[in-house]
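The structure under discussion is supplied below as C-alpha coordinates; questions concerning it will follow.
The values are calculated or read from the model by the stated rules, or taken from the named source; none is laboratory data. Quick caveat: nothing in here was measured; it's all calculated off a predicted structure. When we count neighbours, we look across all protein chains shown, and the Cβ atoms used for this are built from the backbone with ideal geometry, even at glycine. Heavy atoms of the whole protein, side chains included, go into the accessibility calculation; ligands, DNA and RNA do not. Shrake-Rupley method; radii C 1.70, N 1.55, O 1.52, S 1.80 Å.
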Amino acid sequence: MQRSFLFLLLTTLAGATLASGCLLSTRSRVAPNTHAPRPPAVSIPTGQAQPQLGQGVQIVEASCIQGAAEVCNGIDDNCDGQIDEGCGYSSGQVQITLAWNTGADLDVYVADPSTTNQPIYYQNNRSPAGGHLDQDARGACNPQQPNNTIENVYWENQAPPGQYRVEVHYWADGACSANNGPTTATLSVSIGGRVQTYNLQLSPDQRLPVVTFQL
Ligand SMILES: [Ca+2]
Ligand SMILES: [Ca+2]
Ligand SMILES: [Ca+2]
(Lines give C-alpha, C1' and ligand atoms only; values in the text may rest on other atoms or scores of the structure.)
(Ligands and ions follow the chains in the order given, each with its own letter.)
Protein backbone atom coordinates (compact mmCIF):
# COMPACT_ATOMS: atom_id res chain seq x y z
CA MET A 1 0.00 0.00 0.00
CA GLN A 2 2.75 2.30 0.92
CA ARG A 3 4.58 1.65 -2.37
CA SER A 4 1.37 2.08 -4.33
CA PHE A 5 0.69 5.31 -2.49
CA LEU A 6 4.23 6.48 -3.12
CA PHE A 7 3.90 5.56 -6.81
CA LEU A 8 0.64 7.42 -7.00
CA LEU A 9 2.15 10.43 -5.26
CA LEU A 10 5.18 10.51 -7.58
CA THR A 11 2.96 10.10 -10.63
CA THR A 12 0.77 12.94 -9.45
CA LEU A 13 3.77 15.18 -8.78
CA ALA A 14 5.27 14.31 -12.17
CA GLY A 15 1.99 15.16 -13.79
CA ALA A 16 1.83 18.41 -11.93
CA THR A 17 5.38 19.22 -12.94
CA LEU A 18 4.60 18.29 -16.50
CA ALA A 19 1.46 20.34 -16.38
CA SER A 20 3.39 23.18 -14.83
CA GLY A 21 6.07 22.77 -17.44
CA CYS A 22 3.46 22.90 -20.13
CA LEU A 23 2.03 26.02 -18.62
CA LEU A 24 5.41 27.60 -18.38
CA SER A 25 6.12 26.50 -21.88
CA THR A 26 2.85 27.98 -23.01
CA ARG A 27 3.64 31.23 -21.22
CA SER A 28 7.01 31.37 -22.88
CA ARG A 29 5.27 31.42 -26.22
CA VAL A 30 3.42 34.59 -25.48
CA ALA A 31 2.18 36.61 -28.35
CA PRO A 32 4.29 39.64 -29.31
CA ASN A 33 3.65 42.57 -27.00
CA THR A 34 1.52 44.84 -29.08
CA HIS A 35 2.11 47.61 -26.55
CA ALA A 36 5.87 47.60 -27.05
CA PRO A 37 7.10 50.84 -28.60
CA ARG A 38 7.56 50.56 -32.32
CA PRO A 39 10.65 51.95 -33.96
CA PRO A 40 10.01 55.39 -35.36
CA ALA A 41 9.23 55.66 -39.02
CA VAL A 42 12.36 56.45 -40.94
CA SER A 43 12.10 59.38 -43.26
CA ILE A 44 14.72 59.40 -45.95
CA PRO A 45 15.75 62.93 -46.83
CA THR A 46 15.42 63.65 -50.49
CA GLY A 47 17.68 66.69 -50.44
CA GLN A 48 20.44 68.00 -48.27
CA ALA A 49 20.38 66.57 -44.76
CA GLN A 50 19.50 68.95 -41.96
CA PRO A 51 22.52 70.25 -40.04
CA GLN A 52 23.04 68.63 -36.64
CA LEU A 53 23.57 71.17 -33.86
CA GLY A 54 25.58 70.75 -30.68
CA GLN A 55 24.06 71.12 -27.24
CA GLY A 56 23.07 74.69 -26.46
CA VAL A 57 23.69 75.89 -30.01
CA GLN A 58 20.89 78.09 -31.31
CA ILE A 59 19.97 79.21 -34.80
CA VAL A 60 19.99 82.97 -35.29
CA GLU A 61 16.96 83.98 -37.31
CA ALA A 62 17.14 86.88 -39.75
CA SER A 63 20.73 87.92 -39.21
CA CYS A 64 21.08 90.21 -42.25
CA ILE A 65 19.50 93.24 -43.92
CA GLN A 66 19.93 93.91 -47.63
CA GLY A 67 21.94 97.05 -48.23
CA ALA A 68 23.33 97.19 -44.70
CA ALA A 69 26.96 98.11 -44.15
CA GLU A 70 29.14 95.02 -43.85
CA VAL A 71 30.84 95.07 -40.45
CA CYS A 72 33.69 92.76 -39.39
CA ASN A 73 31.59 90.77 -36.95
CA GLY A 74 31.29 87.21 -38.32
CA ILE A 75 27.83 87.90 -39.77
CA ASP A 76 26.70 88.49 -43.36
CA ASP A 77 25.18 91.88 -42.54
CA ASN A 78 24.09 92.72 -46.10
CA CYS A 79 22.69 89.32 -47.19
CA ASP A 80 25.03 88.94 -50.18
CA GLY A 81 26.16 85.45 -49.15
CA GLN A 82 29.66 86.54 -48.16
CA ILE A 83 30.56 86.90 -44.50
CA ASP A 84 32.58 90.04 -43.65
CA GLU A 85 33.73 90.81 -47.19
CA GLY A 86 36.34 93.56 -47.13
CA CYS A 87 37.64 92.59 -43.68
CA GLY A 88 40.88 90.96 -44.87
CA TYR A 89 39.83 87.32 -44.95
CA SER A 90 38.16 85.40 -47.75
CA SER A 91 34.81 84.04 -48.83
CA GLY A 92 34.32 81.00 -51.05
CA GLN A 93 31.93 78.28 -52.06
CA VAL A 94 31.95 77.34 -48.38
CA GLN A 95 32.90 79.86 -45.70
CA ILE A 96 32.84 79.34 -41.93
CA THR A 97 33.40 82.34 -39.68
CA LEU A 98 33.62 82.41 -35.88
CA ALA A 99 33.35 85.66 -33.93
CA TRP A 100 33.18 86.25 -30.19
CA ASN A 101 32.66 89.07 -27.76
CA THR A 102 35.39 88.88 -25.10
CA GLY A 103 39.19 88.79 -25.00
CA ALA A 104 39.16 84.99 -24.80
CA ASP A 105 41.11 82.94 -27.34
CA LEU A 106 38.61 80.72 -29.11
CA ASP A 107 39.74 78.29 -31.81
CA VAL A 108 37.64 76.91 -34.65
CA TYR A 109 38.20 73.31 -35.76
CA VAL A 110 36.75 72.15 -39.08
CA ALA A 111 36.89 68.60 -40.42
CA ASP A 112 36.02 68.35 -44.11
CA PRO A 113 35.69 65.09 -46.11
CA SER A 114 39.37 65.24 -47.09
CA THR A 115 40.82 65.61 -43.59
CA THR A 116 42.22 62.47 -42.00
CA ASN A 117 44.17 62.83 -38.78
CA GLN A 118 43.83 66.54 -38.20
CA PRO A 119 41.01 68.97 -38.85
CA ILE A 120 41.69 72.46 -40.10
CA TYR A 121 42.77 74.64 -37.16
CA TYR A 122 45.53 77.08 -36.20
CA GLN A 123 48.31 74.46 -36.32
CA ASN A 124 47.02 72.80 -39.50
CA ASN A 125 45.54 75.59 -41.51
CA ARG A 126 44.88 73.77 -44.81
CA SER A 127 43.03 70.61 -45.81
CA PRO A 128 43.88 68.48 -48.88
CA ALA A 129 40.57 69.58 -50.46
CA GLY A 130 41.44 73.27 -50.32
CA GLY A 131 39.98 74.34 -47.00
CA HIS A 132 42.06 77.19 -45.58
CA LEU A 133 42.06 78.90 -42.19
CA ASP A 134 43.11 82.37 -43.37
CA GLN A 135 42.19 84.27 -40.21
CA ASP A 136 43.45 82.98 -36.88
CA ALA A 137 42.86 85.11 -33.79
CA ARG A 138 43.94 85.09 -30.17
CA GLY A 139 41.77 87.66 -28.43
CA ALA A 140 43.55 89.36 -25.54
CA CYS A 141 46.60 87.14 -26.16
CA ASN A 142 47.30 89.18 -29.32
CA PRO A 143 45.59 92.55 -28.88
CA GLN A 144 47.50 94.19 -31.74
CA GLN A 145 46.00 91.93 -34.40
CA PRO A 146 43.18 93.34 -36.53
CA ASN A 147 39.90 91.51 -35.93
CA ASN A 148 41.48 89.58 -33.07
CA THR A 149 38.22 87.89 -32.08
CA ILE A 150 37.34 86.44 -35.52
CA GLU A 151 38.52 83.22 -37.17
CA ASN A 152 37.68 82.30 -40.76
CA VAL A 153 37.88 79.17 -42.92
CA TYR A 154 36.95 79.07 -46.61
CA TRP A 155 37.14 76.82 -49.68
CA GLU A 156 38.09 78.87 -52.70
CA ASN A 157 37.16 76.15 -55.22
CA GLN A 158 34.57 73.40 -55.22
CA ALA A 159 34.37 72.01 -51.71
CA PRO A 160 34.16 68.20 -51.70
CA PRO A 161 30.85 66.43 -51.03
CA GLY A 162 30.51 64.69 -47.71
CA GLN A 163 30.37 65.56 -44.05
CA TYR A 164 31.68 68.75 -42.48
CA ARG A 165 32.07 69.02 -38.71
CA VAL A 166 32.71 72.31 -36.91
CA GLU A 167 33.86 72.55 -33.30
CA VAL A 168 34.99 75.48 -31.16
CA HIS A 169 37.49 75.28 -28.31
CA TYR A 170 38.03 77.85 -25.58
CA TRP A 171 41.80 77.85 -25.08
CA ALA A 172 42.36 78.70 -21.42
CA ASP A 173 45.95 77.80 -20.68
CA GLY A 174 46.96 81.41 -20.24
CA ALA A 175 45.58 84.25 -18.13
CA CYS A 176 45.23 86.40 -21.27
CA SER A 177 42.42 84.08 -22.37
CA ALA A 178 41.11 82.29 -19.30
CA ASN A 179 40.34 85.45 -17.31
CA ASN A 180 37.64 86.41 -19.77
CA GLY A 181 35.12 83.96 -18.35
CA PRO A 182 32.10 82.60 -20.21
CA THR A 183 32.13 83.88 -23.78
CA THR A 184 29.30 84.20 -26.27
CA ALA A 185 30.14 83.58 -29.91
CA THR A 186 28.50 83.40 -33.31
CA LEU A 187 29.38 80.93 -36.03
CA SER A 188 28.22 81.67 -39.57
CA VAL A 189 28.28 79.07 -42.33
CA SER A 190 27.89 80.10 -45.97
CA ILE A 191 27.28 77.31 -48.49
CA GLY A 192 26.94 78.47 -52.08
CA GLY A 193 25.89 81.91 -50.86
CA ARG A 194 23.28 80.70 -48.38
CA VAL A 195 24.26 81.73 -44.87
CA GLN A 196 23.13 80.32 -41.54
CA THR A 197 24.32 81.81 -38.27
CA TYR A 198 24.40 80.08 -34.89
CA ASN A 199 24.77 81.36 -31.34
CA LEU A 200 26.82 79.50 -28.76
CA GLN A 201 28.40 80.05 -25.37
CA LEU A 202 31.60 78.52 -24.02
CA SER A 203 33.34 78.34 -20.66
CA PRO A 204 37.15 78.21 -20.27
CA ASP A 205 38.60 74.89 -21.53
CA GLN A 206 35.31 73.84 -23.10
CA ARG A 207 35.30 72.24 -26.55
CA LEU A 208 31.88 72.41 -28.16
CA PRO A 209 30.63 70.58 -31.26
CA VAL A 210 28.70 73.36 -32.99
CA VAL A 211 27.34 72.01 -36.25
CA THR A 212 27.71 69.04 -38.57
CA PHE A 213 26.41 69.35 -42.11
CA GLN A 214 26.52 67.54 -45.44
CA LEU A 215 27.39 68.84 -48.86
CA1 LIG B 1 28.13 90.12 -46.81
CA1 LIG C 1 29.72 91.23 -41.11
CA1 LIG D 1 42.16 81.38 -31.58
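At residue 142 and residue 114, where each label point lies 7 Å from the Cα along Cα→Cβ, what is the point-to-point distance in nanometres?
Each label point lies 7 Å from its Cα, and together they span 2.3 nm.
Tell me the label-point distance for the pair residue 123, residue 207, using the 7 Å Cα-to-Cβ offset, in nm and rounded to one decimal.
Output for this residue pair reads 1.1 nm.
If you count only protein heavy atoms and use a 1.4 Å probe, how large is the accessible surface of residue 59, to the nearest 10 Å²?
About 80 Å², rounded to the nearest 10.
Let me ask you something else. Is the C-alpha gyration tensor of the range 56-197 telling us rounded, prolate or oblate? Criteria: a/c under 1.5 is rounded; beyond that, a/b larger than b/c is prolate, otherwise oblate.
Oblate is the answer for the range 56-197, as a/c is 1.5 or above yet b/c matches or exceeds a/b.
Would you list the P(r) distribution for the range 147-215, with all Cα-Cα distances sorted into 10 Å bins from 0 and each bin expressed as a whole %?
Result, from short to long distances: 16, 47, 26, 10, 0 percent.
So, R0 is 30 Å and r is the distance between the beta-carbons of residue 101 and residue 158; what FRET efficiency does that work out to, to 0.05?
Efficiency at R0 = 30 Å is approximately 0.35.
Next question, about the same structure. Classify the range 85-128 as rounded, prolate or oblate, taking a ≥ b ≥ c as the square roots of the eigenvalues of its Cα gyration tensor: rounded when a/c is under 1.5, otherwise prolate if a/b is larger than b/c and oblate if not. Working shown, then result.
Details: a/c = 2.47, a/b = 1.31, b/c = 1.89.
Verdict is oblate for the range 85-128.
Would you rank 87, 176 by solvent-accessible area, highest first, keeping every protein chain in place and using a 1.4 Å probe?
On the way: 87 20, 176 50 Å².
The ordering from most to least exposed comes out as 176, 87.
In percent, what relative contact order does the range 54-214 have, based on Cα pairs under 8 Å that are 6 or more apart in sequence?
Relative contact order here is 30 percent.
Once label points are set 7 Å from the Cα along Cα→Cβ at both residue 214 and residue 175, what is their separation, rounded to one decimal in nm?
The two pseudo-label positions are separated by 5.0 nm.
Ignoring ligands, DNA and RNA, please state the percent of accessible area on the range 54-214 from carbon and sulfur, probe 1.4 Å.
Percent of accessible area from carbon and sulfur atoms in the range 54-214: 43.
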